[in-house]
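The values are calculated or read from the model by the stated rules, or taken from the named source; none is laboratory data. Keep in mind that what you see is a predicted model, and the values were worked out from it rather than measured. Backbone-built Cβ (ideal geometry, glycine too); neighbour counts: all protein chains shown.
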Amino acid sequence: MTDKESPVRRILLPLDVSSDSLSALEAAFRLAAALGGEVSGLFIEDTTLLLAGGLPFTHEIGLRSGISRRVGTADIEQSLRGVASRAREALARAGQKLHVTASFHVACGDVGTEILSAAAGADLVVIGKTGWSHTAKRAGSTCLTLISHSQVPVLIVERGAVLAPPVVVAIADTPAGHRALEFARMIAGHLGWEVVTVTPDAAMRAKKSQLLVVPAIFAITACGDFRGAVVVVP
């Protein structure tokens, strides 16, 4: 561990309590505990969903039952409140378990826009790779929005990912590539982990149990075809 102040003190954690989101929660709190940071949980009431509730043809189909039923704005609002409550409880439990300071906020608006706005005051954003689409293998739309536009590093976590050494960084002789390498070295120094440099092609084959750091341009080109836990550095 280095005596220098950690480069990651303020961690923003957008939550929707999907499987990937809960894995992101675990990763965020483990990093915060190791780095002496704090976690700010964020739940966003998606205005697109709320507006859809006012349309006469909006229905939902049960994942297990396959039954379609009409839903309105009140139904969607109730569902969002339920998810927010579960997110708040999960955040509180994780904070108590690992003795990490945590806060929780609810915003209303476009999901990507609200996260990017909140990220302006963070050192790192930690988010699940996909939302409620259990069949998706690639990063979801919100995740891709952050990869493309975030001004701070974004840790994208896939369900079942475990943060473990070494820190693997994709090398690139570009300004973003140099920033990714520097971030990897800073994180590794505070965690006491080894840094391993690899080519971008080899990075795609990194083990799911390793922490991968890549420049944003590589992540955008790869279209989210990464595994485990990946830090995207702008």
Could you say whether any residue in segment 87-101 is aliphatic (A, V, I, L, M), assigned to a helix (DSSP H, G or I), more than 16 Å from Ala27 (Cα to Cα) and out of contact with any Asp or Glu (no Cβ under 9 Å at 6 or more places or on another chain)? no
Suppose we keep only residues that are in contact with a helix residue (DSSP H, G or I) (Cβ under 8 Å, 6 or more places away or on another chain) and surrounded by fewer than 19 Cβ atoms within 10 Å (Cβ to Cβ) within segment 132-143. Which one would you say is modelled with the lowest pLDDT? His134
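Could you tell me which residue of segment 102-130 is nearest to the chain's Cα centre (by Cα), considering only residues that are assigned to a strand (DSSP E or B) and at pLDDT 95 or above? Can you show your working first?
Quick first cut of segment 102-130, residues assigned to a strand (DSSP E or B) only: 102-109, 124-128.
When the remaining residues are screened for being at pLDDT 95 or above, the result is 102-104, 124-126.
Values: Ala102: 16, Ser103: 16, Phe104: 15, Leu124: 9, Val125: 6, Val126: 3 Å.
Selected residue: Val126.
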Is segment 34-52 home to any residue that is at pLDDT 90 or above, buried (at least 16 other Cβ atoms within 10 Å of the Cβ), out of contact with any strand residue (DSSP E or B) (no Cβ under 8 Å at 6 or more places or on another chain) and part of a helix (DSSP H, G or I)? yes
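How many of the residues making up segment 178-209 are within 25 Å of Arg10 (Cβ to Cβ) and not charged (D, E, K, R)?
First pass over segment 178-209, keeping only residues within 25 Å of Arg10 (Cβ to Cβ): 178-193, 195.
Subset that is not charged (D, E, K, R): 178, 180-181, 183-184, 186-193, 195.
Looking only at that region, the number is 14.
Any residue in segment 184-196 that is in a strand (DSSP E or B) and at pLDDT 90 or above?
Of the residues in segment 184-196, the ones in a strand (DSSP E or B) are 195-196.
Adding the requirement that they be at pLDDT 90 or above leaves 195-196.
Within segment 184-196, one or more residues are in a strand (DSSP E or B) and at pLDDT 90 or above.
Which of the residues belonging to segment 1-20 are in contact with a helix residue (DSSP H, G or I) (Cβ under 8 Å, 6 or more places away or on another chain) and either modelled with pLDDT under 90 or surrounded by fewer than 16 Cβ atoms within 10 Å (Cβ to Cβ) (or both)?
Filtering segment 1-20 down to residues in contact with a helix residue (DSSP H, G or I) (Cβ under 8 Å, 6 or more places away or on another chain) leaves 1-2, 4, 6-9, 11-17.
Residues satisfying the conditions are Met1, Thr2, Lys4, Ser6, Pro7, Val8, Arg9, Asp16, Val17.
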